[in-house]
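The next block holds one structure in the form of structure tokens; read it before the comments.
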Amino acid sequence: VSTQSTGKKKKKKKRAPGKAGYSAAVEEARSKINFATLSTKDENFQVRFVIHKARQLGGNVEAPMVRVTMDGKSLRTQPRHGKTPKFNETVVFSVTKSEKGLLDLPIELAILDTAKDSQNNVIGLYNLDLTVAWAEKDNLLLYKWFALTDPDEPQEGMTGYLNVSIQVMSPGEVPKKLPKKSDTEVDVASNVFFPPGISLQPGQFIIKLFTGEDMPQMDSAALASVRNLFQSGEKPTDLVDPYAVFEFAGTQTESMIQYGTFDPVWNQKLVIHGQFPSMAENFVIRVMDNDEYAVDDLIASKLLKISQISFSSTDSNLGFLPTFGPAYIPLYGSLREF
């Protein structure tokens, strides 16, 4: 697997420190709302922020903590450790505003390093308002990634990603139970809110798939005999039809199917297009067994950390350089039922 830049990096536009404009995500949410129909009567609202996790935090981070600021009030999570902390905490604001007033309140999501002095402990932040949740079904924004930037040097790019769910509750409304989602479901390119002034660079993963060995038997002899009767009438040999699926940030590609073999040979080149930087940390590989008359079976899967297959060059024009393979990848966990 190799990564490749598809063009030269564009220079990021500078914006004044501390001066927050609306991001594209906020602008889109506001465009969906008819502000003329919103109530101007004050009501008691609850706003719940579920802080799930963070990743790719920049700098020498020791004790990251999330701070949410709204309507002049700040609430904080407990400090965690490392560059990929899991918080799983909820902070709740009670606000007396009209619907219009509520949606116009500025909100700041920030990650601080509590091990550093308060004058220099901001890792990154994101500015938004509640329209991003109000425009969603049940006024509930689920598992969104917010790309953070340094407030003093926003032109330097992302300093981390924060995964948050937001729910706006009217008087008498009870909190909704959040559905469980896997990392693969959450880590998709369309699930990231980027701040204004950040430009993404197109790129691609170039995958050279050579061969596999010792695939497990996935079909029973009886089932395979029926299958072959409808196909060629020949007696089955190896009872598995493997193919490979590669996925990154919600985009995937599949190899050709190799029929009836425990030792498939593909010698195939595949490409996944994406945009960088990306919050996705894992390159997903799945080996599947094709089944013409039922759902395809998963033989095995493997997650490759992006750090295993690419690195940031000191020469900014080079982007990511290939560092992985060719190599065999061991696969474990397939059920041998026959």
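The values are calculated or read from the model by the stated rules, or taken from the named source; none is laboratory data. All values reported here derive from a predicted model rather than from experimental measurement. Please note: Cβ atoms are built from the backbone with ideal geometry, for glycine as well, and neighbour counts cover all protein chains shown. Note: accessible area is taken over every heavy atom of the protein model, side chains too, but ligands, DNA and RNA are not part of it. Shrake-Rupley method; radii C 1.70, N 1.55, O 1.52, S 1.80 Å.
So, with a 1.4 angstrom probe, what is the percent of accessible area on the stretch 12-114 that is carbon and sulfur? Before the final figure, lay out each step's value.
Numbers: 2530 of 5520 Å².
Carbon-and-sulfur percentage of accessible area, whole number: 46.
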- Neighbours of residue 96 by Cβ distance under 13 Å: Lys/Arg at +1, Asp/Glu at -1, summed charge -1
- How much area per residue is accessible in the stretch 243-315 when the probe is 1.4 Å and only protein heavy atoms are counted (Å²)? 49 Å²
- Item | Listed residues 154, 139, 110: farthest to the positive end of the dipole of the stretch 71-161 (Cβ charges) | 139
- Entries in 116/181; 100/180; 176/305; 144/177 that, when Cα-Cα distance is taken, lie over 22 Å: 116/181; 100/180; 176/305
- Message: Accessible area of the stretch 138-215 with a 1.4 Å probe: how many percent of it is carbon plus sulfur?
- Response: 50 percent
- Note on the structure: Filtering GluC sites (Glu not before Pro) in the stretch 48-112 by DSSP loop and by at most 16 other Cβ atoms within 10 Å leaves 62
- Message: Pairs of alpha-carbon atoms within less than 8 angstrom and 6+ residues apart define the contacts here; what relative contact order does the stretch 93-133 have, in percent?
- Response: 41 percent
- Message: For a quick check of understanding: with a 1.4 angstrom probe and all protein chains in place, what accessible area in square angstrom does residue 286 have, to the nearest ten?
- Response: 60 Å²
- Kindly state, to the nearest 0.05, the FRET efficiency for residue 90 paired with residue 254, given R0 = 30 Å and r defined as their beta-carbon distance. 0.15
- Query: Solvent-accessible area per residue for the stretch 121-183 at a 1.4 Å probe radius, Å²?
  - Reply: 40 Å²
